[in-house]
Amino acid sequence: MGDNAQHDNQPLKGQMKRVYDALKGGLWLTLPELHALTNDPISSISAQVRLLRKPEFGSHAIKKRRRGASERGLYEYRLSD
C-alpha cells in the first residue's frame, strides 16, 4: 500500500468502488467492458483506473496492455494486487 496511512485504509465508494470491484475478478477488461459492467461513463472509468494507482487510493497494481492490432488503440486493464 501507499505511504499515506491516513488515506490507505479508507473504503472505496461509489464509482471508484464499482470499477475496483469489476477489476478485482482478475480478468483483463477494456474500458467498454468496464462500462458494460458498471454503467459508468468510459472517460470516468479511465480516471478511476488512474486514481486507483495513487497512494491515497491504495496504490493498487493495475496492469495495462494492448488488445488487438495497435492501430485500434484498444487497451485492457487488470488488477494484480
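The values are calculated or read from the model by the stated rules, or taken from the named source; none is laboratory data. Values in this document were obtained by computation on a predicted structure and should not be read as measured data. Neighbour counts are summed over all protein chains in view; Cβ atoms, including those assigned to glycine, are modelled from backbone coordinates with ideal geometry.
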Quick test of your reading of the structure: residue 6 fulfils all but one of (1) modelled with pLDDT under 95; (2) part of a loop (DSSP other than H, G, I, E, B). Name the failing condition by number. (2)
Filter region 33-62 for residues that are assigned to a helix (DSSP H, G or I) and among the polar types (S, T, N, Q); which is surrounded by the fewest Cβ atoms within 10 Å (Cβ to Cβ)? 43
